[in-house]
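Asker: Once you've had a glance at the structure underneath, I'll fire off some questions.
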Amino acid sequence: MNALWLSVILTVVSITLGFPIAVVLAAARVYGEYSNWLALAYVELLRGTPLLAQLFVLYYGLPWIPAFFRNLSFVGQGIFPAQAVWVAIVGFILNSAAYQAEYIRGAIQSVDPGQLEAARSVGLSKVEGIRHVVLPQALRFAIPGWTNELVYLVKYSSLAAFITVPELFYQAQSFASETYHYTELFVLAGILYLGLVVTVSNLMSHVEARVAIPGLGASEGR
């Protein structure tokens with residue numbers, strides 16, 4: 001259960017902290033003149049390379065990153081996990097931000113461009129129009145894609161085991177090595193992952209229905 005809880009923490013913290021980065025990247029991709037190239041380079045690099053390779057680079061290839069967390073006084077003390085967990089969170093944040101950015105970019109582009117022009121015509125700046133008119137609609141449209149990323153991240157959290165993070169997959173593997181009950185333990189781990197995925201999917205379906213724009217879309221209740 002501790003390992004399951006750690007998997008939940010990895011997922012929730014990573015996607016939450018990756019979200020504001022993703023919004024900035026998406027806005028830069030759609031509206032930036034020069035920043036769009038930087039945002040595109042970031043997105044393509046993080047989406048085009050394996051997450052496991054990214055974790056290895058952060059943990060083994062850039063030793064100053066785990067050393068930084070290891071030297072923090074609270075890391076590894078009490079409820080605060082060891083440095084490997086923090087490195088995994090950094091890796092998941094960076095990777096998740098790239099994927100979320102593409103979902104949000106597509107959602108922004110689905111908003112009628114005339115709405116931003118209308119916002120400018122009533123005195124809002126471009127940034128204010130994006131913030132107060134475009135993004136509130138776009139983020140609603142992005143929920144289905146964002147839900148997919150959340151589901152993927154639940155499962156990708158198992159990759160943290162390869163940099164010694166004691167999450168669900170790591171503990172199942174460790175117990176299986178001690179007891180030789182490989183089938184039972186990995187089936188149990190799979191059931192727990194499935195439970196998380198189903199819970200997340202149902203929760204996000206509820207959120208999508210609650211924040212849906214009346215008159216738009218085909219979901220029940222809109």
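The values are calculated or read from the model by the stated rules, or taken from the named source; none is laboratory data. Remember, it's a predicted structure, so these values are computed and weren't measured experimentally. Glycine gets a Cβ as well: all are built from the backbone with ideal geometry, and neighbour counts include every protein chain shown. Just the protein is used for accessible areas: all its heavy atoms, side chains included, with ligands, DNA and RNA removed. Shrake-Rupley method; radii C 1.70, N 1.55, O 1.52, S 1.80 Å.
Asker: With label points built 7 Å along Cα→Cβ from the Cα atoms of E178 and E33, find their separation and express it in nm.
Answerer: Distance between the two pseudo-spin positions: 6.2 nm.
Asker: Just to compare against my own numbers: the Cα pair-distance distribution for segment 88-222, 5 Å bins, whole % per bin, please.
Answerer: 2, 9, 14, 15, 15, 12, 10, 8, 6, 4, 3, 2, 1, 0
Asker: Which value in nm describes the separation of the simple spin-label points at N2 and A67, placed 7 Å from the Cα toward the beta carbon?
Answerer: 2.9
Asker: Averaged over all directions, how much area does the convex hull of the C-alpha atoms of segment 35-168 cover when projected, in nm²?
Answerer: If you wrap the Cα atoms of segment 35-168 in a convex hull and average its projections, you get 10.4 nm².
Asker: OK, next. Rolling a 1.4 Å sphere over the protein heavy atoms, what is the accessible area per residue of segment 45-119, to the nearest Å²?
Answerer: It amounts to 50 Å² per residue over segment 45-119.
Asker: For segment 115-222, run through the GluC sites (Glu not before Pro) and keep only the ones in DSSP coil with at most 11 other Cβ atoms within 10 Å of their Cβ.
Answerer: Working: sites: E117, E128, E149, E167, E178, E184, E208, E220; in loops: E167, E220.
For GluC sites (Glu not before Pro) across segment 115-222 that sit outside H, G, I, E and B with at most 11 neighbouring Cβ atoms in 10 Å, the list reads E220.
Asker: Under the Karplus relation 6.51 cos²θ - 1.76 cosθ + 1.60, θ = phi - 60°, what is the ordered set of whole-Hz ³J(HN,Hα) values for segment 189-200, x standing for Gly and Pro?
Answerer: Here the 3J(HN,Hα) series is 4, x, 5, 5, 4, 4, x, 5, 5, 5, 4, 4 Hz.
Asker: Another question about this same structure. ³J(HN,Hα) across segment 171-185 via Karplus (A = 6.51, B = -1.76, C = 1.60, θ = phi - 60°), whole Hz, x for Gly/Pro?
Answerer: 5, 4, 5, 5, 5, 5, 5, 7, 9, 6, 8, 5, 4, 4, 6
Asker: Per residue and in cubic angstrom, what volume does the convex hull of the Cα atoms of segment 1-56 have?
Answerer: Values: hull volume 4.4 nm³, N = 56.
Dividing the Cα hull volume of segment 1-56 by its residues yields 78 Å³.
Asker: Then there is this: Among P144, L58, L116, whose Cα projects farthest towards the positive end of the dipole of segment 41-161, with charges put on the beta-carbon of Lys, Arg (+1) and Asp, Glu (-1)?
Answerer: Ranked along the dipole, the leading option is L58.
Asker: When the accessible area of the chain is split by element with a 1.4 Å probe, what percent falls to carbon and sulfur?
Answerer: 66
Asker: Can you give the calculated 222 nm mean residue ellipticity of the chain, where each DSSP H run of n ≥ 4 adds -39,500 (n - 2.57) and the sum is split over every residue, rounded to the nearest 500 deg cm²/dmol?
Answerer: It lands at -23500 deg cm²/dmol.
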